[in-house]
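Structure record follows, encoded as structure tokens.
The values are calculated or read from the model by the stated rules, or taken from the named source; none is laboratory data. Bear in mind the structure is a predicted one, so any value in this text is a computation, not a measurement. Please note: Cβ atoms are built from the backbone with ideal geometry, for glycine as well, and neighbour counts cover all protein chains shown. We work out accessible area using only protein heavy atoms, side chains counted, and drop any ligands, DNA or RNA first. Shrake-Rupley method; radii C 1.70, N 1.55, O 1.52, S 1.80 Å.
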Amino acid sequence: MKCTYSARADVGVFLLEGSLIHADGALELVENFDLRLSEGVRKFIVDLSSVAHVNSSGLGVFITLDRKCAIAGGRLVFAAPSQYLMQIFIITKLVNLLTITNSPEEAMESLA
């Protein structure tokens, strides 16, 4: 999995590409997220538009990021999941726990 970070105004954006199924990619994402929290960033978007596959470990990472952000007093929005990934969120009932939007633009609006 490839993870690219960028900042838009006061919002940190993580673009994930590939599959989130291995501990290595997950560890890099969590460490990068922790770094941004330590720098004072409190609004985040995780752009899922290029994520091909996620297993249970990957879902656990999403929950971890959401909890870390909430504990720090921040907000995290997951944007643009594929139909496949959205089905996983529905089946696992993560749609009731995570904030999910159809696009990064909608995510930006929800964080305004």
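Here's the yes/no breakdown for (1) touching a residue at least 40 places away in the same chain (Cβ under 8 Å); (2) assigned to a helix (DSSP H, G or I); (3) in contact with a helix residue (DSSP H, G or I) (Cβ under 8 Å, 6 or more places away or on another chain):
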site: VAL41; (1), (2), (3): no, no, no
site: ALA52; (1), (2), (3): no, no, no
site: PHE62; (1), (2), (3): no, yes, yes
site: LYS68; (1), (2), (3): no, yes, yes
site: GLY73; (1), (2), (3): no, no, no
site: PRO81; (1), (2), (3): no, no, yes
site: GLN87; (1), (2), (3): no, yes, no
site: ILE90; (1), (2), (3): no, yes, no
site: MET108; (1), (2), (3): yes, yes, no
Qualifying residue in segment 1-17 (condition: more than 20 Å from ALA107 (Cβ to Cβ) and either free of Cβ contacts under 8 Å to residues at least 12 places away in the same chain or within 14 Å of the chain's Cα centre (by Cα) (or both)): no
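For residues that are on the phi < 0 side of the Ramachandran plot and of a type in the set (D, E, K, R), scanning just segment 60-112, find the one that is surrounded by the most Cβ atoms within 10 Å (Cβ to Cβ). Break it down into steps so the answer makes sense when it comes.
Let us first name the residues in segment 60-112 that are on the phi < 0 side of the Ramachandran plot, namely 60-72, 74-79, 81-92, 94-112.
From what is left, the residues that are of a type in the set (D, E, K, R) are 66-68, 75, 105-106, 109.
On the way: ASP66: 21, ARG67: 12, LYS68: 16, ARG75: 17, GLU105: 12, GLU106: 15, GLU109: 11.
Per the stated criteria, the residue is ASP66.
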Hits in segment 1-13 - residues which are hydrophobic (A, V, I, L, M, F, W, C) and out of contact with any Ser or Thr (no Cβ under 7 Å at 6 or more places or on another chain): CYS3, ALA7, ALA9, VAL11
Segment 1-50, residues that are open to solvent by less than 60 Å² (accessible area, probe 1.4 Å), touching a Lys or Arg at 6+ places or on another chain (Cβ under 9 Å) and small (Gly, Ala, Ser): GLY12, GLY18, GLY25, SER50
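What about GLU31, is it free of Cβ contacts under 8 Å to residues at least 24 places away in the same chain and either assigned to a helix (DSSP H, G or I) or within 15 Å of ALA80 (Cβ to Cβ) (or both)?
On the way: free of Cβ contacts under 8 Å to residues at least 24 places away in the same chain: yes; either assigned to a helix (DSSP H, G or I) or within 15 Å of ALA80 (Cβ to Cβ) (or both): yes.
Here the answer is yes, as GLU31 does meet what is asked.
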